[in-house]
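Everything below concerns the one structure shown next.
The values are calculated or read from the model by the stated rules, or taken from the named source; none is laboratory data. None of the values given here were measured: they were computed from a predicted structure. Positions of Cβ are backbone-derived with ideal geometry, glycine not excepted, and every protein chain shown enters the neighbour counts. Heads up: the accessible areas ignore ligands, DNA and RNA and are worked out on the full protein's heavy atoms, side chains in. Shrake-Rupley method; radii C 1.70, N 1.55, O 1.52, S 1.80 Å.
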Amino acid sequence: MSPDKPDFRSPATVGALLTIDLNAIVENWRSVAATAGVTASAVVKANGYGLGAVPVSRALAAAGCRRFFVAHLDEGVLLREALPGVEIAILNGLLPDMEAVYHAHDLAPVLNDPGQVQRWLSFCASKGETLPAFLQIDTGMNRLGMTAGEWGALALDPAVAAFPWTALISHLSCADVPDHPLNATQLRLFHAASAMAPHLATSLSASSGSFLGPDFAFDFVRPGAALYGVNPHPGFPNPLRNPVLLDARILQIREIDGGSPVGYGATHKTSDRAKIATIALGYADGFLRSGSGHGNVMVGGFAAPIVGRISMDLITIDVTQVPVDVLEKAGWVNVIGDFRTLDEVATDAGSISYEILTSLGERFHRVYLGEQA
Ligand SMILES: *Cc1c(COP(=O)(O)O)cnc(C)c1O
């Protein structure tokens, strides 16, 4: 590294370090499959929930995962370049006039309406091939997928009935609440949909559904969030490992008199003389402003509360209780980790872990542990 041109986003230049443990993600994938008792695919949409679709998928493929889901066609094209030889499916469906692009990159659309089904059948007929595609049925979420009526009519079409669809899938809307009555309703409707084409493979559950017991497992499950350590059933103990560490640099430490205001809006006033450290992380890095004044960061093993408003690039923490020698040596503080989990950070900001993960910023130096050579 030369002083006039340092490495972009090296540990020396950044404000925050994001460490992602691929071994923990692989372990979570195995444990979801073991819990469900069936094969697990992996959902790596939104750049692997912010953690990097390519390194995450490579690690999972090396561990034996053969089926990956992304949301967008573009995400599939990028993933395919990095990962030949696995199945990649596009949850958001078959975009208009894009059949040949899916085919060229060996991407399987998840067909969400009868028009998409007919277009895929026509495209396959024109190629003289049966190309992989999934069928999605809406069983009560009213978001994506065919209605029961549309599927009932389609399933009677001999061309549809004869086609070797990869699988029939649906998605649960309340699986994170184990005793929610909609789980049983959707289960019943999915069985009814599956009965119209009993030879097709089936999949109903994402992360939370994978922990609802064998009735919800079907032929394979589709975890996303659970791979990244998000608790499938908030309020119950988290069975998964945390793969994410976020550390932020201390930029400055100041001593202030009792009664001095801290940060925008002067929302925080210390009662006594206090020591405030300012760290290089903010809402532009996905550390939501709604988390202002909530929770602690860890400074060399000591908890220090977040005080005042979270700014775009800065957060102030009260380090009065951190011993001086510890503070002098620290340099960095841990913001997300085993002591303060992603789920806690999310709850404190009035959000969910999914949103925190997918908002994690582009300004970090990223370190992948357990990366394949
Ligand atoms: C996002 C998504 C998943 C994964 O959901 P998680 O809750 O992150 O496990 C699975 N299936 C479908 C259809 C999805 O849209």
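Looking across segment 349-367, the residues that are open to solvent by less than 50 Å² (accessible area, probe 1.4 Å) and not β-branched (Val, Ile, Thr) come down to Ala349, Ser351, Ser353, Leu357, Ser359, Leu360, Gly361, Phe364, His365. Number of residues in segment 119-172 that are touching a Leu at 6+ places or on another chain (Cβ under 7 Å), assigned to a helix (DSSP H, G or I) and of a type in the set (A, V, I, L, M, F, W, C) equals 5. For segment 217-274, the candidate set comprises residues that are open to solvent by 50 Å² or more (accessible area, probe 1.4 Å) and among the aliphatic types (A, V, I, L, M); within that set, the residue that is nearest to the ligand (Cβ to nearest atom) is Leu245. Give the residue that is surrounded by the fewest Cβ atoms within 10 Å (Cβ to Cβ), with candidates limited to residues of segment 39-64 that are within 16 Å of the chain's Cα centre (by Cα) and among the hydroxyl-bearing types (Ser, Thr, Tyr). Per the criteria, the residue is Ser57. Set side by side, the residues Arg67, Arg143 differ, and just one is within 16 Å of the ligand (Cβ to nearest atom), surrounded by fewer than 16 Cβ atoms within 10 Å (Cβ to Cβ) and charged (D, E, K, R), which is Arg143. Inside segment 172-191, residues that are open to solvent by 50 Å² or more (accessible area, probe 1.4 Å) and either closer than 14 Å to Trp151 by Cβ or within 16 Å of the ligand (Cβ to nearest atom) (or both) make up a count of 7. Within this structure, Ala24 passes the test of being over 24 Å from Ile169 (Cα atoms), open to solvent by less than 10 Å² (accessible area, probe 1.4 Å) and in contact with a Pro (Cβ under 7 Å, 6 or more places away or on another chain).
A quick yes/no check of all residues on (1) under 24 Å from Asp219 (Cα atoms); (2) of a type in the set (D, E, K, R); (3) within 13 Å of the ligand (Cβ to nearest atom); (4) free of Cβ contacts under 8 Å to residues at least 24 places away in the same chain:
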position: Val43; (1), (2), (3), (4): yes, no, yes, no
position: Gly52; (1), (2), (3), (4): no, no, no, no
position: Arg58; (1), (2), (3), (4): yes, yes, no, no
position: Ala62; (1), (2), (3), (4): yes, no, no, no
position: Leu78; (1), (2), (3), (4): no, no, no, no
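So, in segment 24-50, how many residues would count as being within 23 Å of Val110 (Cα to Cα) and either among the basic types (Lys, Arg) or in a helix (DSSP H, G or I) (or both)? So the count comes out to 9.
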